[in-house]
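Contents: one structure, followed by commentary.
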Amino acid sequence: MPVKIRSFGGPVTWALRKYHSDFTSKVMLSFTARQYSKSINSYIQYFITQEKPPVFANCMIETLNRCNGTCEFCPANRKDESRPLKKMPEEMFYDIIRQLRQMCWNGRIYLNINNEPFLDKRILTFARYAKKELPDIPITIISNGTLLTPEKMNEMAGLIDELILNDYSDTYVLSGVHRAIYRHVKRHKNRFRQMHVTINRRYSREILATRAGSAPNKPLKNNTIDAPCIYPFLDLLIFPDGMVGMCCNDCKEITDFGNITKNTLLEIWNNEKFNELRRAMTAGRNAYPFCIECDVVDAGEREEFIRRTLCKDRC
């Protein structure tokens, strides 16, 4: 099916997330830590024992560091936004894609980090360039969907491989724009047969993770989860000014592992600062200052990559 609705446990769990959000957050984070810690640790051990460090699996590119959402759990919402406005130069984006091509890279491109990607009117132009230069590389966009129309969806058909729409709402029903998108994709299945569209029902005011201690609506920080984090071993994040950050929980863009205006993607990925972070992470997040208050444990969509890589290594 080209479009699906994901509810994360249905109406009962939705009610818990809305009316008992802090308790639900603790339970879900603990469950996720138990579910993914084994595979995360396995991949980390695989990574650090390789003679040559494996290259990143995901390249996440933020072309404009702004969001139009008001989600209370996110430090990048438009009310709490504190970052200087930055817009990626076009040539910088093209250079990123050229470097990936020259590397014969085989991963996944995300055209967003902590922003609303469709605020950048160039985003589909960038996607077309990336698809032209890297036709076999899947492109994912994660959006709140508020700026989308059926016409915009038609533009993405055959271009964007995966579109994840978070429908932030106070009620357990799809909002008007998301309902229209769902119906449009269902009505034109053949047009969108190569594009996976997921609409996530999300409660806009729920308490989630601490986001490395910066979540506006979670004053109680992480005191329980010390599982290692997979992000520094799989993800390369590039902010609009070319700075490479640690992970998507760096909502204020304060971690700095290098800049692509000075070094190549591979030089940054393999530099000593990144390796210092990874060595610390093998002992758990309490060993690295930025991560101490973070309770995000996410292998989720990365789980298949981990499984495939470890299986290939064992075989």
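Brief remarks follow.
- Segment 68-123 - residue that is hydroxyl-bearing (S, T, Y) and within 23 Å of N249 (Cα to Cα) and, of those, farthest from the chain's Cα centre (by Cα): S82
- Single unsatisfied condition, A57 versus (1) of a type in the set (A, V, I, L, M); (2) touching a residue at least 60 places away in the same chain (Cβ under 8 Å); (3) in contact with a helix residue (DSSP H, G or I) (Cβ under 6 Å, 6 or more places away or on another chain); (4) more than 30 Å from G242 (Cβ to Cβ): (4)
- Elements of type helices (runs of 4 or more DSSP H) in segment 69-183, at least 1 residues being of a type in the set (D, E, K, R) and in contact with a Lys or Arg (Cβ under 8 Å, 6 or more places away or on another chain): 90-102, 123-133
- The C-beta contact set for segment 175-193 (first residue more than 20 Å from G158 (Cβ to Cβ), second residue among the charged types (D, E, K, R) and surrounded by 16 or more Cβ atoms within 10 Å (Cβ to Cβ), distance under 7 angstrom, 6+ apart or interchain) comprises S175/D167; H178/D167.
- Where helices (runs of 4 or more DSSP H) fall entirely within segment 201-286, those with at least 1 residues that are free of Cβ contacts under 8 Å to residues at least 60 places away in the same chain, in contact with a helix residue (DSSP H, G or I) (Cβ under 6 Å, 6 or more places away or on another chain) and open to solvent by 10 Å² or more (accessible area, probe 1.4 Å) are at 272-281.
- Test: residue in segment 21-42 that is open to solvent by 80 Å² or more (accessible area, probe 1.4 Å) and either in a loop (DSSP other than H, G, I, E, B) or touching a helix residue (DSSP H, G or I) at 6+ places or on another chain (Cβ under 6 Å) (or both): no
- F290 vs. criteria under 13 Å from F233 (Cα atoms) and either open to solvent by 40 Å² or more (accessible area, probe 1.4 Å) or not hydroxyl-bearing (S, T, Y) (or both): no
- Flag if W14 is open to solvent by 10 Å² or more (accessible area, probe 1.4 Å), of a type in the set (F, W, Y) and not in a helix (DSSP H, G or I): no
- Some residue of segment 102-117 being open to solvent by 50 Å² or more (accessible area, probe 1.4 Å), touching a Cys at 6+ places or on another chain (Cβ under 8 Å) and farther than 24 Å from S204 by Cβ: yes
The values are calculated or read from the model by the stated rules, or taken from the named source; none is laboratory data. Note that the structure is predicted; figures quoted are calculated from it, not measured. Note that each Cβ is placed from the backbone with ideal geometry, even for glycine, and that neighbours are counted across all protein chains shown. All accessible areas refer to the heavy atoms of the entire protein, side chains included, with ligands and DNA or RNA removed. Shrake-Rupley method; radii C 1.70, N 1.55, O 1.52, S 1.80 Å.
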